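Shown next, in structure tokens, is the structure this report addresses.
The values are calculated or read from the model by the stated rules, or taken from the named source; none is laboratory data. From a predicted model like this one, the values you see are computed outputs, not experimental measurements. All Cβ positions, even for glycine, are placed from backbone atoms using ideal geometry, and neighbour counts span all protein chains on display.
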Amino acid sequence: MSADRTTDDYRAALEAAGWGTTFRITFHPHGREWVAVAVRGGRDVERRAASPGAAWRAVYEQAFEGVPG
């Protein structure tokens with residue numbers, strides 16, 4: 001996937017590959033944090049970031065490319 005992919009592109013690719021996805025926003029005194037989660041076959045990948053796009057990109061990379069994150 002190229003860097004021009006959208007948040008929806010990352011999530012759709014995960015879902016097309018059989019990953020279940022969830023997303024939430026947590027609020028802290030210092031600001032918001034986006035949390036993206038993908039689950040498949042007992043494996044789960046959760047990443048937190050300052051934006052939804054960064055959170056989904058990190059989950060995608062960990063799930064498909066094994067990039068530590």
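Taken together, Ala58, Ala63 contain a single residue that is of a type in the set (Gly, Ala, Ser), in a helix (DSSP H, G or I), farther than 19 Å from Asp4 by Cβ and in contact with a strand residue (DSSP E or B) (Cβ under 7 Å, 6 or more places away or on another chain), which is Ala63.
Residues of the stretch 1-52 that are of a type in the set (A, V, I, L, M), in a strand (DSSP E or B) and under 18 Å from Ala63 (Cα atoms): Val35, Ala36, Val37, Ala38, Val39, Val45, Ala49. Taking residues in the stretch 44-59 that are under 17 Å from His30 (Cβ atoms), and partners anywhere that are among the basic types (Lys, Arg), the pairs with Cβ atoms closer than 9 Å and at least 6 places apart or on different chains are Ala49/Arg57; Ala50/Arg32; Ala54/Arg47; Ala55/Arg47; Ala55/Arg48.
Have a look at Ala16, Ala50 and point out the one that is over 11 Å from the mean Cα position of the chain (by Cα) and at pLDDT 95 or above.
Only one candidate passes the filter, namely Ala16.
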